[in-house]
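Shown next, in structure tokens, is the structure this report addresses.
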Amino acid sequence: MIVSNLLKSTTSTAATRITITQLTARRLYHPKVIEHYTNPRNVGSLDKKSSNVGTGIVGAPACGDVIKLQIQVNDSTGIIEDVKFKTFGCGSAIASSSYMTELVHGMSLDDAYKIKNTEIAKELSLPPVKLHCSMLAEDAIKAAIKDYKTKRTNPTVLH
Amino acid sequence: MFRSVASGCFRWGHSSRRMVSTFYEMFPKSFPGGEPSFNVDQSQLRKEYRVLQSQFHPDMVAGNGDGADMDSSVVNKAYHVLKEPLSRSQYMIKINKGIDLTEDGQKLEVGPSILMEVIEINERLADDSISNDEIARIKQENDDRMDAIVNKLRDCFEQEDYSTAVELTMELKYWTNLSNTIKNI
């Protein structure tokens, strides 16, 4: 009992510390970035082994941010029916991937492949130093589409 | 040896001026001849930094205040770049190969299996039900992994194998970020 209370109190102190750090960091961001960052859309994972799920994992070596973006595609229509992401990085990277999932949901693969990072950067009013975050989101959707297409051409043979 | 990455003109002592072309040249006791090296004696570097810092501290330099600020900040920057293995490695690569790994848009990437591992560990850490023991284990594994990379980097720079050094340095950036994430839990 005592131990569990102790653990709880440690956890809540850590949580407070993170919140304060995040609040300080948030002031530097545009309201649209903050909105996506505090309320990210479509966070989560899809079954990467599933034949109609494409997974894109990309990273930016300069800042060390990583994005995993997954799409679930309707095999007959080529429409993206579901999309999930997980991003570990700065607020702009999270907001960029969150907005990207909103954009591609219900879109055809061809249209999704054509999305340019500038579209995301414009929507989120990203400053020049954060443009690479939108590029990373563009790379992520392209990688997910490629992964899906590779799966379609070389279906896994079950023995 | 590339000498193109200038760290600027920097006032040496109180009266003389001296040009340095790399941060290494600012610490001749730690790096004899100002020769770039990945190996560093941390306590010697710290000692030399403190001496420099006292010479260049804005309070200690009479006259032109702007110049004093500049000198003091360059000394600080140089020390912090050379102190940490990640930034020291990035700097070695920058001055020897002209590749700036701290800049976006480099068409270089680490292997997908590394990124996958980074994602998986971050997912574990983001799980609210994670135990303190598991966090400690993840931290230990990450520290070991970073030590192993630093050891490999030492060999790479010795053998002037810059292409492997570039890969390892990019990988080290991801694990350094993970290390910061663990610290903030």
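The values are calculated or read from the model by the stated rules, or taken from the named source; none is laboratory data. As the structure is a computational prediction, the values presented were derived from the model and not from experiment. Cβ atoms come from the backbone with ideal geometry, glycine included; neighbour counts cover every protein chain shown. Quick note on the areas: whole protein, heavy atoms, side chains included, nothing else; ligands and nucleic acids left out. Shrake-Rupley method; radii C 1.70, N 1.55, O 1.52, S 1.80 Å.
So here's what we get for this one:
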item: Search result, residues across segment B:1-46 that are open to solvent by 30 Å² or more (accessible area, probe 1.4 Å), assigned to a loop (DSSP other than H, G, I, E, B) and modelled with pLDDT under 75; result: B:M1, B:F2, B:R3, B:S4, B:V5, B:A6, B:W12, B:H14, B:S15, B:S16
item: Close pairs (7 angstrom Cβ cut-off, 6 or more residues apart or separate chains): at negative phi in segment B:28-44, surrounded by 12 or more Cβ atoms within 10 Å (Cβ to Cβ) and of a type in the set (D, E) anywhere; result: B:K29/B:E48; B:S30/B:D41; B:S30/B:E48
item: Looking only at segment B:171-185, and only at residues there that are open to solvent by 50 Å² or more (accessible area, probe 1.4 Å) and among the β-branched types (V, I, T), the one that is nearest to the chain's Cα centre (by Cα); result: B:T181
item: Test: residue in segment A:73-87 that is closer than 30 Å to B:K94 by Cα and either touching a residue at least 24 places away in the same chain (Cβ under 8 Å) or within 13 Å of chain B (Cβ to nearest Cβ) (or both); result: yes
item: Segment A:102-118: number of residues that are out of contact with any Lys or Arg (no Cβ under 7 Å at 6 or more places or on another chain), open to solvent by 40 Å² or more (accessible area, probe 1.4 Å) and farther than 21 Å from A:V43 by Cβ; result: 5
item: Search result, residues across segment A:66-92 that are within 12 Å of A:C133 (Cα to Cα) and either modelled with pLDDT of 95 or more or open to solvent by 10 Å² or more (accessible area, probe 1.4 Å) (or both); result: A:V66, A:I67, A:T87, A:F88, A:G89, A:C90
item: A:S51 vs. criteria touching a helix residue (DSSP H, G or I) at 6+ places or on another chain (Cβ under 9 Å), within 14 Å of chain B (Cβ to nearest Cβ) and either crowded, with 18+ Cβ neighbours inside 10 Å or not in a helix (DSSP H, G or I) (or both); result: no
item: Helices (runs of 4 or more DSSP H) wholly inside segment A:69-156 containing at least 3 residues that are under 21 Å from A:K32 (Cβ atoms) and in contact with a Leu (Cβ under 9 Å, 6 or more places away or on another chain); result: A:91-104, A:117-123, A:131-153
item: Residue within segment B:120-140 that is in contact with a Leu (Cβ under 8 Å, 6 or more places away or on another chain), in contact (Cβ under 8 Å) with a residue 60 or more places away in the chain and open to solvent by 30 Å² or more (accessible area, probe 1.4 Å) present; result: no
item: Within segment B:67-170, helices (runs of 4 or more DSSP H) holding 1 or more residues that are over 22 Å from the mean Cα position of the chain (by Cα), among the hydrophobic types (A, V, I, L, M, F, W, C) and not assigned by TED's automatic domain parsing to the domain that holds B:S21; result: B:112-126, B:132-158
item: Test set (1) surrounded by 15 or more Cβ atoms within 10 Å (Cβ to Cβ); (2) in contact (Cβ under 8 Å) with a residue 24 or more places away in the chain; (3) not aliphatic (A, V, I, L, M) - B:K83 fails condition number; result: (1)
item: Filter result (surrounded by 13 or more Cβ atoms within 10 Å (Cβ to Cβ), under 15 Å from B:Y174 (Cβ atoms) and of a type in the set (A, V, I, L, M, F, W, C)) within segment B:141-163; result: B:M146, B:I149, B:V150, B:L153
